[in-house]
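Structure first, commentary second.
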Amino acid sequence: MVTNINLVTPESEKKPLLTGKASLALSVGLVILMVGVYGALSYLKWRYLSEKRDTETQIQDEKNKMSGPNYVAVSDFQERLDVLSKVVDDHSYWDAFLKSFSKYILPEVRLTNLSWDERKNVMEIKGIAPNFEVLSREIILLQKFSGAGSVEFKNASEKAAGENSQGGIIFELDVKIEKNILNGESS
């Protein structure tokens, strides 16, 4: 009788790591995963490009609004507020005077500088009028101001129209002011 003696222990037997079916299933799983990742990235790219086009359209619309007449009006108003703020900060005693004087400035005229010479009691006015007709109406209106002793026209020159600004007439005036008008007294 012959006995079989197995000298190899069962723990040391080599088992294949992956069988053919397991390898095929793993490969199919990896392919499906890669296709899924590619599909997700393609979808995200398409969505990003769509949002980018929408954003670019909105930016273009806003640029068109900024170059329109509303933007020019808002910009002009802001410049007027800045000049007025500077004048009031420089001359706090002008508050009451400016309230009464502002009625004598036409809406078409934009003041660029308003200064006061105390020695001469003269208010120096610099501004921009759209044309000479408006400038002449402004001078006539300033002559009707009750606190003005006289209005002296210094000079005027044409301003070329720029990209964000309209053309016009740059002018300078001196208005001799009665001293008591600054104290709130009427003449």
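The numbers here are math on the coordinates, done by the rules we state, and not lab data. Keep in mind that this is a model prediction, so the values were computed, not measured. Positions of Cβ are backbone-derived with ideal geometry, glycine not excepted, and every protein chain shown enters the neighbour counts.
The table that follows gives values for the structure above.
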| item | result |
| --- | --- |
| Packing rank of 121-128, 101-108, 41-48, where each peptide gets the mean count of other beta carbons within 10 Å, highest leading | 121-128, 101-108, 41-48 |
| Sequence-distant lysines (8 or more away, or on other chains) whose Cα lies within less than 20 Å of residue 86 | 99, 103, 126 |
